[in-house]
1. Using Cα atoms only, what is the angle between the long axis of helix 103-113 and the major principal axis of the chain, expressed in degrees (0 to 90) to the nearest 10?
2. Sticking with the crude label model, points 7 Å out along Cα→Cβ, report the distance from I144 to D212 in nm, one decimal please.
3. Each residue of the range 315-327 in order: what ³J(HN,Hα) in whole Hz does its phi give by Karplus 6.51 cos²θ - 1.76 cosθ + 1.60, θ = phi - 60°, with x for Gly and Pro?
4. Using the 2.2 N^0.38 Å rule of thumb for compact globular proteins, work out how the range 248-390 stacks up: its C-alpha Rg over that value, please.
5. Tell me, how many Å apart are the Cα centres for the range 99-116 and for the range 305-323?
6. Given the -39500 (n - 2.57) contribution per DSSP H run of 4+ residues, what per-residue ellipticity at 222 nm results for the chain, rounded to the nearest 500 deg cm²/dmol?
7. Could you identify which residue out of R12, R104, R208 has the top mean-square fluctuation in a GNM of the chain using Cα springs shorter than 10 Å?
8. Normalising by the residue count of the chain, find the relative contact order in percent from Cα pairs under 8 Å and 6+ residues apart.
Amino acid sequence: MIVIKNLVKEFRLYKKRSGFLKQVIGLAQPGRDFDLLRPLDNVELTVEKGEVHGIIGMNGAGKSTLLKILSGVLHPTSGSVSISGRVAALLELGTGFHGDLTGRENIYINGTMLGLTRQEIDKKLPEIQAFAELGDFFDRPVKIYSSGMYVRLAFSFAVSVEPDVLIIDEALSVGDAYFQQKCLKKIREFKNLGTTILFVSHDISAVRALCDKCTLLSKGKVIFTGTPMQALDLYNALLAEHSSQDLVAARTAAAKSSIAESTFVSGNLDMEVVSCLMLNEEGHETLAVPSGQKVSVQIKCIVHRDMIDNPTCGILFKDRLAYEIFGTNTHQLGIESGVLHKGNEITYTFDFAMNLGPGDYTLTVALHSDRSHVHDSYHWIERALLFKVLETPEFPFIGVARLEPVTSIHRPNY
């Protein structure tokens with residue numbers, strides 16, 4: 001279990017070298033001799049035993065600083081941290097190993113620092129060596145390792161000590177696909193064993209798949225703690241708005257519009273989605289579509305800004321686990337909206353066959369400038385529609401994609 005209370009971390013950025021000397025003798029003054037940088041500002045967080053907890057946020061949000069404090073690399077300026085059990089940490093590249101020592105020597109040193117005896121390390125060494133798959137490089141200096149080799153060694157050691165708490169920073173992102181999958185499998189094994197895991201990553205799919213809860217950090221503060229889906233919705237809005245102070249978040253009642261109750265909405269609302277409808281082949285509104293049937297998604301919008309030049313409208317389908325299935329927008333399709341003025345209404349219609357497997361899906365709708373919502377987001381509606389794709393007896397299949405293959409059989413003459 002991890003309990004963090006009123007955690008603050010400050011760094012002093014000295015304007016001149018003399019500022020540090022003044023600090024040593026107690027004469028340095030903030031503002032004149034140094035500026036205070038506060039990457040963590042009154043952070044409070046509780047991670048229960050056996051929980052996999054994700055930490056997400058934009059660059060500079062304080063994620064790595066938090067993990068360094070939890071792993072003992074940094075000390076907090078104020079506040080308290082309580083961790084139950086043995087901690088193993090896999091921080092960013094370059095932390096924990098001495099470059100002039102071999103992989104084997106680094107394992108012995110780090111194991112000793114964690115309180116392991118030489119006999120215990122001897123027992124674990126074959127397992128570490130086998131998992132890392134470094135071959136002869138295991139007995140060569142770490143400074144000649146590639147980034148991927150370094151991560152192999154670091155992860156192999158971290159999981160070998162059978163920690164009660166496993167802390168993982170973004171380090172896994174530099175490994176190759178094979179080793180990433182191997183690591184994720186190992187993380188799932190620890191999860192099943194009840195290990196508490198704190199996981200920092202920009203990999204949205206990994207956070208969604210692994211984490212029980214998720215915390216969003218912004219400018220050193222906890223913005224939200226809850227389910228991964230809710231946290232990722234807010235994170236997406238942060239990316240669009242570039243500042244948590246400008247977030248526009250609201251729930252839209254179904255009685256007031258056709259947008260689902262469980263939506264999350266963000267954007268500056270210079271242009272707004274008024275309604276979002278899914279129509280079947282007969283032109284009737286529907287939220288239950290047989291697989292393979294043709295449908296239309298109609299998105300009605302209104303402009304609130306004096307003038308908007310060629311806005312982009314996009315759609316994104318997700319399955320019930322919030323994995324992205326398909327997305328596109330008018331910019332990618334080469335369709336121009338033209339110049340729109342305040343009060344203008346415009347309707348975007350996307351016609352397609354619903355070639356998805358049976359199940360529950362959601363539709364996200366976005367209005368923005370340029371090709372991506374990161375550039376001037378007008379209106380982003382997560383889960384604008386919740387709908388169901390129905391099984392069709394004439395074309396049974398498994399999976400999420402209805403590919404409709406043309407199948408033939410050739411039998412040579414015997």
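1. Around 80 degrees separate the two axes.
2. 4.5
3. 10, 8, 9, 10, 7, 5, 8, 6, 6, 6, 9, 7, x
4. Its radius of gyration relative to the 2.2 N^0.38 Å reference: 1.00.
5. Answer, in whole Å: 50.
6. Computed ellipticity for the chain at 222 nm equals -7000 deg cm²/dmol.
7. Largest GNM mean-square fluctuation: R12.
8. Contact order relative to length: 14 percent.
All of the numbers you see were taken from the coordinates with simple rules; none came from a lab. Quick caveat: nothing in here was measured; it's all calculated off a predicted structure. Note that we place each Cβ from the backbone using ideal geometry, even for glycine, and neighbour counts take in every protein chain shown.
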